[in-house]
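*Asks:* I'd like to ask you about the structure that follows.
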Amino acid sequence: MTEEFDVLVVGAGPSGSTAARHAAMGGARTLLIEKRSEIGTPVRCGEGVAKRWLDEVGLEPSGSFIAHEVDGAKVVAPDGTTLVVDEARAGNECGYILERDLFDRHLAKLAAKAGAVIRIRTSATALLQEDGRVVGARLEGMGRTYDVRSKVVLGADGIESQVGRWAGLEKPLRTRDIDACLQYTMVGVQGDPSLNEFYLGSWAPGGYAWVFWKDTDIANVGLGVNLSKLRDKAETKAYLDRFISAHPHLGRGEILEEVAGMVSVALPLERTGMPGLLLVGDAARLIDPVTGGGILNGCLTGKYSGELAAQAVKDGDAGEAMVKAYEKRWRARLEESLYRNYLIKEKLLTMDDDLVNRIIRAIAEVGLERVSTHEILSALRKKHPELVAEFESFL
Ligand SMILES: Cc1cc2nc3c(=O)[nH]c(=O)nc-3n(C[C@H](O)[C@H](O)[C@H](O)COP(=O)(O)OP(=O)(O)OC[C@H]3O[C@@H](n4cnc5c(N)ncnc54)[C@H](O)[C@@H]3O)c2cc1C
């Protein structure tokens, strides 16, 4: 039994629902499939996003999916030296703290309202390919196996993307390009709920520890440790428990929930599409290698891929030109920061606590809140040329 759609979207995370919404808005007959029985759960996320990008992906901020709002972040060195950074400079994970399950469901609702058909408990199990192009996928769900033929498939199936693997676009991740994360949602924590907290250095080797506020006394407290620094994944729990007991404002909290997951801190895939197929969000490894944040990059590339897929359907050409247009668009928007942050992540892997302390102290002396990055660098160059030399290659 075969069905036909213009666009088939695999995975109803933020990337897939945004892609389906924009494909449907562009007039494409769109099917969005999700293998789980409920969109949005289980949540495996710190739930932090920057405020500024919601607008860029066509989303209105709403209390229906935002739990809390912060003004910025504290970046804390291992010796306790603290930098306060305003929201605009604090990276892609700082601004709003979402109710991620409600956010994902909101995006799926928008896709449905735009006209996309949604099928939960439906998995893609193979790609249909003919003459070097993708022409659909084999699906399993609701007790049946069937083929859906489509002019474009959008692979938005997350970090462990099978779609990318079936298409031969995915390369295995190296150990040093994965962070193992563990997070507790805690109630009864104390602190300043207007500032998220990022802790660098040996609290979480090669990564960082975070406190993302969901309310005045509830926070997501977690960390990501680079896999190359771990003997086994269970060690992340020892790191997180040590971090919490060393910080009295967290130590009095009670754990409501525990989530574990892997985050890619790799470079994007070299090829993020082929005729008939585009990979979106985590499936294309479009995750910030320093912060591990991928929600907004997923929504952005969801929008780009959905719009381009709908256009390709109208033009009757979902071949190399569509892939080139997609790669040109996401590269223009994201490539520079993804590559720069990859180099920073590589550097962080080699830095000891003493170097992290000296850098944060030096920036604190200059006053990060008040001046531009260029001014900070000029000031650091005069006072601490040896520190700037550490980063010269990618500055
Ligand atoms: C512990 C942790 C904390 C994080 N914190 C943050 C944060 O604070 N901020 C941030 O921006 N990012 C964070 N991230 C990363 C963020 O969660 C991801 O970047 C984001 O979920 C990517 O969205 P996506 O839609 O590309 O993939 P996903 O959200 O993974 O969605 C993929 C969907 O595809 C479905 N699927 C998979 N295979 C199939 C198939 N064969 N058929 C049908 N459906 C399929 C899955 O069930 C899933 O629903 C965190 C990640 C972890 C693990």
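*Asks:* So residue 327 fits all but one of (1) at pLDDT 70 or above; (2) under 22 Å from residue 200 (Cβ atoms); (3) not β-branched (Val, Ile, Thr); what number is the exception?
*Replies:* Checking residue 327 against (1) at pLDDT 70 or above; (2) under 22 Å from residue 200 (Cβ atoms); (3) not β-branched (Val, Ile, Thr), the one that fails is (2).
*Asks:* Further, regarding this structure: What's the total number of residues in region 278-335 that are more than 16 Å from the ligand (Cβ to nearest atom) and touching a Phe, Trp or Tyr at 6+ places or on another chain (Cβ under 8 Å)?
*Replies:* Result for region 278-335: 2.
*Asks:* Would you mention how many residues in region 337-395 are within 27 Å of the chain's Cα centre (by Cα), assigned to a loop (DSSP other than H, G, I, E, B) and either at pLDDT below 80 or surrounded by 12 or more Cβ atoms within 10 Å (Cβ to Cβ) (or both)?
*Replies:* Selection size over region 337-395: 5.
*Asks:* Among the residues of region 190-207, write down those that are surrounded by fewer than 24 Cβ atoms within 10 Å (Cβ to Cβ) and either assigned to a loop (DSSP other than H, G, I, E, B) or without any contact (Cβ under 8 Å) to a residue 60 or more places away in the chain (or both).
*Replies:* Result: 190, 191, 192, 193, 194, 200, 201, 202, 203, 205, 206.
*Asks:* If residue 79 satisfies all but one of (1) away from the ligand (no atom under 15 Å from the Cβ); (2) assigned by TED's automatic domain parsing to the domain that holds residue 330, what's the number of the condition it fails?
*Replies:* (2)
*Asks:* Out of (1) more than 20 Å from residue 45 (Cα to Cα); (2) in contact (Cβ under 8 Å) with a residue 12 or more places away in the chain; (3) among the polar types (S, T, N, Q), what's the single condition that is false for residue 350?
*Replies:* The number of the failed condition is (2).
*Asks:* Exactly one of these conditions fails for residue 225: (1) outside the structural domain of residue 334 (by TED's automatic domain parsing); (2) surrounded by 20 or more Cβ atoms within 10 Å (Cβ to Cβ); (3) out of contact with any Leu (no Cβ under 7 Å at 6 or more places or on another chain); (4) within 30 Å of residue 55 (Cβ to Cβ). Give me its number.
*Replies:* (4)
*Asks:* Show me the strands (runs of 3 or more DSSP E) found entirely inside region 80-172 where at least 2 residues are closer than 25 Å to residue 326 by Cα.
*Replies:* 117-119, 122-130, 133-141, 144-155
*Asks:* Right, another one. Would you be able to say whether some residue in region 137-152 is closer than 30 Å to residue 46 by Cβ, touching a residue at least 12 places away in the same chain (Cβ under 8 Å) and of a type in the set (A, V, I, L, M)?
*Replies:* No, region 137-152 has no match at all.
*Asks:* Right, next: Which of the residues spanning region 260-284 are assigned to a strand (DSSP E or B) and surrounded by fewer than 17 Cβ atoms within 10 Å (Cβ to Cβ)?
*Replies:* Across region 260-284, the qualifying residue is only 260.
*Asks:* Something else: Working carefully through the options 233, 314, 303, 237, find the one that is of a type in the set (D, E, K, R), over 25 Å from residue 57 (Cβ atoms) and at pLDDT 95 or above.
*Replies:* 237
*Asks:* What number goes with the only condition from (1) within 14 Å of the ligand (Cβ to nearest atom); (2) modelled with pLDDT of 95 or more that residue 115 does not pass?
*Replies:* (1)
*Asks:* Quick test of your reading of the structure: residue 161 fulfils all but one of (1) modelled with pLDDT of 95 or more; (2) of a type in the set (Gly, Ala, Ser); (3) within 14 Å of the ligand (Cβ to nearest atom). Name the failing condition by number.
*Replies:* (1)
*Asks:* Does any residue of region 286-301 turn out to be crowded, with 19+ Cβ neighbours inside 10 Å and of a type in the set (Asp, Glu)?
*Replies:* Within region 286-301 (the criterion being crowded, with 19+ Cβ neighbours inside 10 Å and of a type in the set (Asp, Glu)), the answer is yes, since at least one residue qualifies.
*Asks:* Then there is this: Do we find that residue 288 is in a loop (DSSP other than H, G, I, E, B) and either in contact (Cβ under 8 Å) with a residue 60 or more places away in the chain or of a type outside the set (D, E, K, R) (or both) in this structure?
*Replies:* yes
*Asks:* Considering (1) of a type outside the set (Ser, Thr, Tyr); (2) assigned by TED's automatic domain parsing to the domain that holds residue 313; (3) within 14 Å of the ligand (Cβ to nearest atom); (4) buried (at least 20 other Cβ atoms within 10 Å of the Cβ), say which one residue 126 fails and leave the rest.
*Replies:* Condition (4) is where residue 126 drops out.
The values are calculated or read from the model by the stated rules, or taken from the named source; none is laboratory data. Worth saying up front: this structure is predicted, and the values here are computed from it rather than measured. In this analysis, Cβ positions are derived from the backbone assuming ideal geometry, glycine residues included, and neighbour counts consider all displayed protein chains.
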